[in-house]
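S.K.: Could you have a look at this structure, given as structure tokens, before my questions?
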Amino acid sequence: MSTSSRAASAARQAWLSALLLLGVLAAALLLLARAPARLDLTAEREYSLAPATRALLARLEDRLQVKLYFNRDIEGAEVLLPARIVVENLLAELAAASGGRMVVETVDPTTDPLSATHAREVGIQPISLPTGDVGSVRYTALYQGLEMRYQDRGEVIPFVVPAELEYAFAARLAQLLAARRPVIGVFSREPEGPPEFPGMPLPPPPPERVYAELRQVLAQRYGVRDVRLDAGSALHEELAALVVAQPQDMTAREVYELDQYLARGGHALVLLDHERYTPGADRSFQREALVSGLETWLRGHGVHVATHLLWDERGYPVAVAEERQVLPTGRENVSEIKMPYGLWPRLEADSFAADNVATAGQQSLFLFWAHPTAVDQAPAGLRAEVLLRSSARSWLLPNDVTADWNPENIDSLKRQALSSGPASSWPLAVALRGSFPAQFDADAVPQPDAAAAADAQPAPEPAAHVSALAPGLLVVIGDADLFQNAFLEPGWDNALFAESLIDWLAQDESLIELRSRGARERPLRSFYREYVEARGGLPEAEAQREELDRAARRSQLARQRAIAWGNVLAPPLLLALLGLAHWRYWKRRSARPYRPRGGGAA
């Protein structure tokens, strides 16, 4: 066979091999696209159904009807299409995991008046989205809600957020499957909330009802009601958990009821402060001392909430002043000047107990005028653990310091903290688990208040005095402000922590991991902070602080430039080294004498 014939045959074989390879790849891709299996390589398996969700779907005994309210025509808002595809794909995956017990129906309320009426009746309202061409603006009603019906019960997600859909779906499915909704009790000195009337919107609560937002957050999964601790009620039979919010001047009978609730196996959260701060004029705060009435009772369980205030170098940046500049156009520009306020510490990932389900997934949390809280020595039968800690750069200040927001006061507080001694990490929240011994003798039980007992309907039967009857759970946080209205925004870190903490107290831990999945922060490395910490932190003297600040910024800039140049030069340098190695390899090989495969001489 001639050389040209062999070359043509080799070319045909090469083309045929390429076509066969393309055919095999196309068939493989087609099969993989139809295969239900997926490979999720995310750190927390964010794109796979959680075991808790699958377990809930496995409990379905009847058909779960899911109705998705979508308007298909979203002209002008096409940017929402990828998110809607994610929602539809997740619902399809949930339906597949249910084994045929979940049915998904999609309706368009913008073209079906009956569906629009039903959406309003169940609480799904559209949001107005501005759309239109340049020079004109029009608004489109956007529906993106979900209705779930199981047997004779129903739940609604008014507006579906793709990143939160699995948790929202699982939480509502758990409510549909529950025989009765667990109840969380709240004890505080707040005024009563406004009465509810069927078919009428709830009026806003009075300003003094500072835990109204917390009640709304918890009401998404639990029944929430105010409780009294002085009427002899059987709380352990009625409540899944009890929140004692900013207790003040608790009577002996109220403390006794809390003591008996824990002794009978109850689960309680105590949010305790030694003072209350009220905002005043010009970024000032008025301080009011508080006496909870729980100090002696807590010490009986080994818990000590210090009167000192915590100052943390990782403080929340607050606006301390305004800077006004007049632009060349004559317009005035107002910008805020912010400073880290150490009395409002920001807890990061290293501040949370890694082995506790309620805190392991938390990445951030803000406290406000917090107090160190520790267990000096737990009584026999109780196990203590620290849930929250401040950063290692924290100090203690007297609780009567001025808390105003102005540069002079914040600098003064910082200097006072630095001069108080070496920095340390302080515990801020603790938990006690086990059988709680009663701290009241059976023959010295405080009597209920006569007026409170008369108001109770029906009058409760007096419960027998017990001690360490069943395992209980007590969580104490040295801050009562972190869950108040001013600092609790739904979806923010403090609200997420409140939900996780109550889920743990109510022994409903299955959804805690699902709520925090994908929320882990991955902060960039701070060369500035490393430089300052390596030199013992910021000194007290102003001149030394400024010099250290300049040196830290120079060091940070130098390291950032080194990394940037490394990213620019490393790839071509690596390619050059590989090319050089390749050239040397073939050069050495070409220097060898040629030997035919048969082993004969060349």
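S.K.: Per-residue HN-Hα couplings for region 187-193, Karplus 6.51 cos²θ - 1.76 cosθ + 1.60 at θ = phi - 60°, whole Hz, x for Gly and Pro?
M.R.: These are the phi-based 3J(HN,Hα) values: 10, 7, 9, 6, x, 5, x Hz.
S.K.: Hey, of (1) 117, 72, 68; (2) 95, 54, 41; (3) 75, 64, 50, which did the structure itself give for Cα extents along the principal axes in Å when calculated?
M.R.: The value computed from this structure is option (1).
S.K.: In region 51-174, what percentage of the DSSP-assigned beta bridges are antiparallel, given to the nearest 5?
M.R.: 75 percent
S.K.: Using the Karplus equation 6.51 cos²θ - 1.76 cosθ + 1.60 (θ = phi - 60°), what ³J(HN,Hα) coupling, rounded to whole Hz, does each residue of region 564-574 give in order, writing x for Gly and Pro?
M.R.: Karplus values, whole Hz, x for Gly and Pro: 4, 5, x, 5, 6, 8, 4, x, x, 5, 5.
S.K.: Please state, rounded to one decimal and in Å, the Kirkwood hydrodynamic radius that region 530-591 gives when every pair of distinct Cα atoms enters the mean of 1/r.
M.R.: 15.2 Å
S.K.: What residues have an amide H closer than 5 Å to that of residue 140, excluding those fewer than 5 places away on the same chain, when H is modeled at 1.01 Å from N in the peptide plane?
M.R.: Here the answer is 129, 131, since their amide H atoms fall under 5 Å of that of residue 140.
S.K.: Relative to the longest principal axis of the C-alpha atoms of the chain, give the angle of the C-alpha long axis of helix 81-97, reported between 0 and 90° and rounded to the nearest 10°.
M.R.: Once rounded, the angle reads 80 degrees.
S.K.: Only four residue types carry charge here, +1 at the Cβ of Lys and Arg and -1 at the Cβ of Asp and Glu. Report the dipole size of the chain about the Cα centre in Debye, rounded to the nearest 20.
M.R.: Around 5120 debye, computed over the chain.
S.K.: Can you give the log10 of the normalised intensity I(q)/I(0) at q = 0.14, 0.15, 0.18 Å⁻¹, computed with Debye over equal Cα scatterers of region 82-131?
M.R.: -0.52, -0.59, -0.79
S.K.: Return a whole-number percent for the relative contact order of region 162-274, with Cα pairs under 8 Å and 6 or more residues apart as the contact set.
M.R.: 31 percent
S.K.: Another question, if that's okay. Could you list which residues have their amide H under 5 Å from that of residue 318, counting only those 5 or more apart in sequence or on another chain, with H placed in the peptide plane?
M.R.: For residue 318, the qualifying residues are 339, 341.
S.K.: Under a 5 Å amide H to amide H cut-off, with H placed in plane at 1.01 Å, what residues pair with residue 226 once short-range neighbours are removed?
M.R.: Here 186 satisfy the definition.
S.K.: Sticking with this structure for a sec: For residue 193, what charge total do you get from the other residues with a beta carbon under 11 Å from its beta carbon, if Lys and Arg give +1 and Asp and Glu give -1?
M.R.: -2
S.K.: Moving on to the next point. For Cα pairs less than 8 Å apart in space and 6+ apart in sequence, what is the mean separation divided by the residue count of the chain, i.e. the relative contact order in percent?
M.R.: RCO, the chain: 12 percent.
S.K.: For a paramagnetic label modelled at 7 Å from the Cα of residue 545 toward its Cβ, which residues of region 309-330 fall within the zone defined by backbone nitrogen distances under 19 Å?
M.R.: What the label zone holds, given the 19 Å backbone N cut-off, is 310-322.
S.K.: Scan region 329-375 for GluC sites (Glu not before Pro) in coil per DSSP, keeping those whose Cβ has at most 10 other Cβ atoms within 10 Å, and list them by number.
M.R.: Within region 329-375, no GluC sites (Glu not before Pro) qualify (loop, at most 10 other Cβ atoms within 10 Å).
S.K.: By how many degrees, 0 to 90 and rounded to 10, does the Cα axis of helix 493-505 deviate from the longest principal axis of the chain?
M.R.: Tilt relative to the chain: about 70 degrees.
S.K.: Nearest 5 percent is fine: what portion of the DSSP beta bridges confined to region 233-330 is antiparallel?
M.R.: 55 percent
S.K.: Where does each of 592, 559, 383, 215 land when they are ranked from fewest to most other beta-carbon atoms within 10 angstrom?
M.R.: Taking fewest neighbouring Cβ atoms as first place, the list is 592, 383, 559, 215.
S.K.: Based on C-alpha coordinates, I'd like the Rg and Dmax of region 158-315, in Å.
M.R.: Radius of gyration, then largest Cα-Cα span, for region 158-315: 18.6, 53 Å.
S.K.: Return one number: the angle in degrees, 0 to 90 and rounded to the nearest 10, between the long axis of the Cα atoms of helix 113-122 and the longest principal axis of the Cα atoms of the chain.
M.R.: In the chain, helix 113-122 runs at an angle near 40 degrees to the longest axis.
S.K.: For region 212-248, list residues with backbone N below 17 Å from a point placed 7 Å from the Cα of residue 180 toward its Cβ?
M.R.: Of the residues in region 212-248, 222-227, 233-242 have backbone N under 17 Å from the label point off residue 180.
S.K.: A follow-up question, please. If you take the square roots of the eigenvalues of the alpha-carbon gyration tensor of region 51-174 and sort them as a ≥ b ≥ c, do you get rounded (a/c under 1.5), prolate (a/b over b/c) or oblate?
M.R.: The shape class here is prolate.
S.K.: Hey, another quick one. Enumerate the calculated ³J(HN,Hα) couplings along region 234-242 in order (Karplus 6.51 cos²θ - 1.76 cosθ + 1.60, θ = phi - 60°), each rounded to whole Hz, writing x wherever the residue is Gly or Pro.
M.R.: Going residue by residue, I get 8, 5, 5, 8, 9, 10, 7, 7, 10 Hz, with x marking Gly and Pro.
S.K.: Something else about it: Looking at 141, 220, 531, which one has the Cα that reaches farthest to the positive end of the dipole of the chain (charges on Cβ: Lys, Arg +1; Asp, Glu -1)?
M.R.: Positive-most Cα among the choices belongs to 531.
S.K.: With a ≥ b ≥ c the root eigenvalues of the C-alpha gyration tensor of region 341-386, is it rounded (a/c under 1.5), prolate (a/b larger than b/c) or oblate?
M.R.: Here region 341-386 falls in the oblate category.
S.K.: While we're on this one: Provide the percentage of antiparallel DSSP beta bridges, counting only those with both residues in the chain; round to the nearest 5.
M.R.: Rounded to the nearest five, the antiparallel share is 70 percent.
S.K.: Could you tell me which GluC sites (Glu not before Pro) in region 162-242 are loop residues by DSSP with no more than 11 other beta carbons within 10 angstrom of their beta carbon?
M.R.: Counting only loop positions with at most 11 other Cβ atoms within 10 Å, the GluC sites (Glu not before Pro) in region 162-242 are 192, 196, 208.
Rule-based calculations on the coordinates, nothing more; no lab input. The structure displayed is predicted, hence computed values, not measured ones. Methodologically, a virtual Cβ is constructed for each residue, glycine included, from the backbone with ideal geometry; neighbour enumeration extends over all protein chains shown.
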